[in-house]
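J.: Dropping the structure in here first, questions after.
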Amino acid sequence: MKPITAEWVAKAEGDFAVMERESQVQVEPSYDAVCFHAQQCAEKYLKARLCEADITFGKIHDLVALLEEVLDVEPAWETFREDLAYLSDFAVTFRYPGESADRESALDAQRRCRLFRNAARSALGLAT
């Protein structure tokens with residue numbers, strides 16, 4: 001694995017750990033944080049796979065746009081299009097006043113993130 005890929009994976013795993021920890025909070029959990037870190041984890045795994053394949057990308061947070069870039073090397077990831085589109089909204093939506101995530105959306109984001117993470121780690125030759 002390339003060093004830059006490993007850095008993206010480490011960052012993704014940091015977001016995954018925050019998502020997992022916050023989802024266990026019993027008193028005043030931040031569902032916004034669960035959703036945001038689920039999106040961030042998926043984004044960083046997409047960027048890790050792109051780096052590993054020497055595919056350049058811009059500073060974007062749109063998971064579907066990143067998916068489009070990686071499909072040539074990971075065509076099976078097309079099955080994650082709906083999940084990634086769902087997660088993509090969390091890059092910004094709940095970070096500002098006006099909207100907040102609820103428990104249901106946080107659990108859904110967590111589930112979708114876990115599924116994609118497993119596929120991404122497998123593609124990168126990492127344990128799931």
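J.: Go ahead and estimate [θ] at 222 nm for the chain from helices alone: -39,500 (n - 2.57) per DSSP H run with n ≥ 4, summed, over the residue count, rounded to 500.
T.: -20500 deg cm²/dmol
J.: Could I ask something else about it? Counting other beta carbons within 10 Å of each residue's own, what order do Val9, Val34, Val18, Val92 fall into, fewest first?
T.: Val92, Val18, Val9, Val34
J.: Please compute the contact order of segment 3-123 in relative form: average sequence separation of alpha-carbon pairs under 8 Å and at least six residues apart, divided by the residue count, as a percent. Numbers along the way, then the final one.
T.: Working: 156 pairs, mean separation 38.8, N = 121.
Here the relative contact order equals 32 percent.
J.: Let a ≥ b ≥ c be the square roots of the eigenvalues of the Cα gyration tensor of segment 1-42; is it rounded (a/c under 1.5), or, if not, prolate (a/b larger than b/c) or oblate?
T.: In terms of gyration-tensor shape, prolate.
J.: Out of segment 2-107, which chymotrypsin sites (Phe, Trp or Tyr not before Pro) are coil in DSSP terms and have no more than 13 other C-beta atoms within 10 Å? Display every interim value, and only then the final one.
T.: Working: sites: Trp8, Phe16, Tyr31, Phe36, Tyr45, Phe57, Trp77, Phe80, Tyr86, Phe90, Phe94; in loops: Phe57.
When the chymotrypsin sites (Phe, Trp or Tyr not before Pro) of segment 2-107 are filtered for loop state and at most 13 Cβ neighbours within 10 Å, Phe57 remain.
J.: Continuing with this model, one more query. Among Asp89, Asp54, rank each residue by its count of other Cβ atoms within 10 Å, from fewest to most, as a rough exposure measure.
T.: On the way: Asp89 16, Asp54 8.
So the residues, fewest neighbours to most, are Asp54, Asp89.
J.: What is the diffusion coefficient of the chain in µm²/s, taking the Kirkwood radius over Cα pairs and the Stokes-Einstein relation at 10 °C with a viscosity of 1.306 mPa s?
T.: It comes out at roughly 109 µm²/s.
Read the figures in this text as sums done on the coordinates, not as results from a lab. A quick note: this is a predicted structure, and the numbers were derived from the prediction, not measured. Counting neighbours? That spans all protein chains shown, and the Cβs are built from the backbone with ideal geometry, glycine included.
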